[in-house]
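This report refers to the structure that appears directly beneath it.
The values are calculated or read from the model by the stated rules, or taken from the named source; none is laboratory data. Nothing here was measured: the structure is a model prediction, and the numbers come from that model. Glycine also receives a Cβ, built like all others from the backbone with ideal geometry; neighbour counts cover every protein chain displayed. The accessibility values were calculated without ligands, DNA or RNA, using every heavy atom of the protein model including side chains. Shrake-Rupley method; radii C 1.70, N 1.55, O 1.52, S 1.80 Å.
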Amino acid sequence: MTALVAVVAIVFGSVAPAAANAAENRTVVGSGEGAVLLEPTKAQKAEAIKRLEQARQLDPAGFANRLELIQGSKELREYLSSDSRFDSGLQQQFLAASMPTDVLESLVSLTDSGYLTLELADGPNKTKVAKLIKAEPSMIGGGKGSMGMKPMFPQCPSAWAALWAWWGTNSAFCGAMGFFGPMAALGCSAAVAIAGSVIDFNRGCR
């Protein structure tokens, strides 16, 4: 709860100036195919580092715990280091500063299980596009001709509810913390860009 309060305090306290800055030169631009990653200006990078330090100071124990969670996830580590223009260690810190612990645990659960895949692909004009991909329905068990097949992944994992709730709330504050790179695509810009897929993924869950 402390971690969530700390993150929310930073977001609400900084959303106005950051929103104005983001409108001039956003570092993550949503598209129908994902989120295009743009390199930040010197001023944007300095502001992001400042907000990172604020987050770390507000909740040092929670920050350290979240950073450990990220470093323990092969999928998140690989994704956050997938664009050589951005420092992977800094990307890990951005993620630790922006997501509440329970939401980060949900993301780790969903990516480590293969339920969600994070990837970076080449986009137009030498850009990099971050994508969030849901697992295709597949079945396991039962053997050939058996009626005992079951879904490989749970259809409505509890982790998904926490992650989607955070995305839904965070979408009102795109760019509020000023972070950039692959991590920024895990925030609202990517969620908005793939909203149709995300909502479909969650449809029918009660």
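Key figures
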quantity: Residue under evaluation residue 58, criteria (1) open to solvent by less than 30 Å² (accessible area, probe 1.4 Å); (2) more than 16 Å from the chain's Cα centre (by Cα), criterion not met; calculated: (1)
quantity: Among the candidates 68, 53, 119, 78, residue that is acidic (Asp, Glu) and either open to solvent by less than 20 Å² (accessible area, probe 1.4 Å) or in contact (Cβ under 8 Å) with a residue 40 or more places away in the chain (or both); calculated: 119
quantity: Subset of segment 89-109 (residues that are open to solvent by 20 Å² or more (accessible area, probe 1.4 Å) and of a type in the set (Ser, Thr, Tyr)); calculated: 101, 109
quantity: Residues (on the phi < 0 side of the Ramachandran plot and over 12 Å from the mean Cα position of the chain (by Cα)) located in segment 89-115; calculated: 89, 90, 93, 101, 102, 109, 112, 113, 115
quantity: One residue from 103, 108 being touching a helix residue (DSSP H, G or I) at 6+ places or on another chain (Cβ under 9 Å), closer than 15 Å to residue 186 by Cα and in contact (Cβ under 8 Å) with a residue 60 or more places away in the chain; calculated: 103
